[in-house]
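Heads up, the thing below is written out as structure tokens.
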Amino acid sequence: MTSFDRPVKANIFAAGAVLWRPNPTDPTRVEVALVHRPRYDDWSFPKGKLDAGETAIVAAVREIEEETGFRAQLGRHLGKITYPVPGHRKLKRVDYWAARAVGGTFVPNHEVDELRWEDPDTAFDQLSYPMDRTVLRRFRALPADTTTVLIVRHAKAGSRREHRGDDRLRPLDSVGKAQSEALVAQLRAFGADSVTAADRVRCIQTVEPLAEHLGVEIAIEPSLTEEDYAADPQLGRKRTLEIALRSRSPVICSQGKVIPDLVRWWAERDAVVVPAARNRKGSTWVLSLHGDRIIAIDHIESALPAPPR
């Protein structure tokens with residue numbers, strides 16, 4: 001029995017990707033990486049179990065590099081697969097992403113002894129498992145070559161009522177600081193390369209660790225504060241579109257009363273469904289764009305790993 005995107009309780013968690021690159025002789029097409037695992041004598045996509053204290057996003061990037069030798073930049077989420085582990089009374093859940101190869105070279109290792117780059121049309125017949133073919137269908141349903149806009153709600157900053165002084169200066173609390181540090185690896189997995197924050201200390205502090213890691217300045221955007229956005233949402237939307245075109249994977253940090261309207265407006269403009277989400281502090285919206293149009297929206301509830309089960 002295999003379940004795709006159904007709420008089945010699993011007790012083993014893994015992550016992987018459809019790793020792709022432009023076809024060397026025809027850049028209008030792509031190739032996907034298939035890996036051979038001698039232990040199972042099968043052909044599949046790179047994937048592996050989460051380490052302790054690791055999120056699926058971080059695990060996917062790590063596993064790709066360990067098994068294939070290629071550094072990867074994640075794109076849109078391709079869903080989850082849940083299936084029983086042969087010989088065990090356990091269910092494994094695997095999260096998959098589309099992932100662009102951005103450098104590296106394959107070297108045979110103890111897990112993978114061969115890697116093939118294949119056209120997606122011919123890869124179907126070479127995959128060993130029906131569930132991998134399901135993942136490949138999802139990959140092929142939309143363009144592979146996308147840019148990513150990462151919209152982050154600021155991390156936790158304590159209670160507005162308990163803060164003394166100007167609320168614009170309210171800083172992150174201890175949980176918020178942990179969230180901001182965890183966001184670095186999460187956002188880097190999607191190739192984050194520029195950082196913008198609403199003009200609030202808590203927004204700026206949320207993306208400071210990322211900006212320091214990337215060695216970039218944080219661009220301050222007053223139009224994405226709650227007050228300025230409420231007064232002129234058209235300006236905030238216009239500025240967001242401009243920021244989206246500045247780089248391949250910009251990060252934008254804003255507030256809870258801005259992000260839902262901004263994402264909803266953008267999704268309606270491009271006729272894309274917005275997934276249900278609680279838009280919690282420290283969460284991230286992942287907007288995948290082909291050209292200047294959104295083709296998919298994903299939501300990441302937290303950058304912190306789930307507590308042990």
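The values are calculated or read from the model by the stated rules, or taken from the named source; none is laboratory data. Computed from a predicted model, the values in this text were never measured in an experiment. Every residue, glycine as well, gets a Cβ built from its backbone with ideal geometry; the counts of neighbours run over all protein chains shown.
Of all residues in region 81-100, those satisfying the criterion of being under 21 Å from the mean Cα position of the chain (by Cα) and either crowded, with 20+ Cβ neighbours inside 10 Å or modelled with pLDDT under 90 (or both) are Ile81, Thr82, Val94, Asp95, Tyr96, Trp97, Ala98, Ala99, Arg100.
Considering only helices (runs of 4 or more DSSP H) fully contained in region 202-285, which possess at least 1 residues that are at pLDDT below 95 and surrounded by fewer than 21 Cβ atoms within 10 Å (Cβ to Cβ)?
Numbers: elements: 226-231, 233-244, 259-270.
Correct list: empty, since no element meets the threshold.
If you go through region 152-165 and keep only what is within 25 Å of the chain's Cα centre (by Cα) and part of a loop (DSSP other than H, G, I, E, B), you end up with His154, Ala155, Lys156, Ala157.
Of the residues Gly104, Gly53, the single one that is surrounded by fewer than 19 Cβ atoms within 10 Å (Cβ to Cβ), over 18 Å from the mean Cα position of the chain (by Cα) and on the phi > 0 side of the Ramachandran plot is Gly104.
Looking at this structure, is Asp261 among the acidic types (Asp, Glu) and touching a helix residue (DSSP H, G or I) at 6+ places or on another chain (Cβ under 9 Å)? First the steps, then the outcome.
On the way: among the acidic types (Asp, Glu): yes; touching a helix residue (DSSP H, G or I) at 6+ places or on another chain (Cβ under 9 Å): yes.
Yes: the conditions hold for Asp261.
Residues in region 127-145 that are surrounded by fewer than 20 Cβ atoms within 10 Å (Cβ to Cβ) and in contact (Cβ under 8 Å) with a residue 40 or more places away in the chain: Ser128, Tyr129, Pro130, Met131, Thr134, Arg138, Leu142, Pro143, Asp145. In region 42-151, counting only helices (runs of 4 or more DSSP H) that sit wholly within it, the ones holding 1 or more residues that are closer than 18 Å to Ser288 by Cα and not assigned by TED's automatic domain parsing to the domain that holds Leu262 span 56-68, 130-140.
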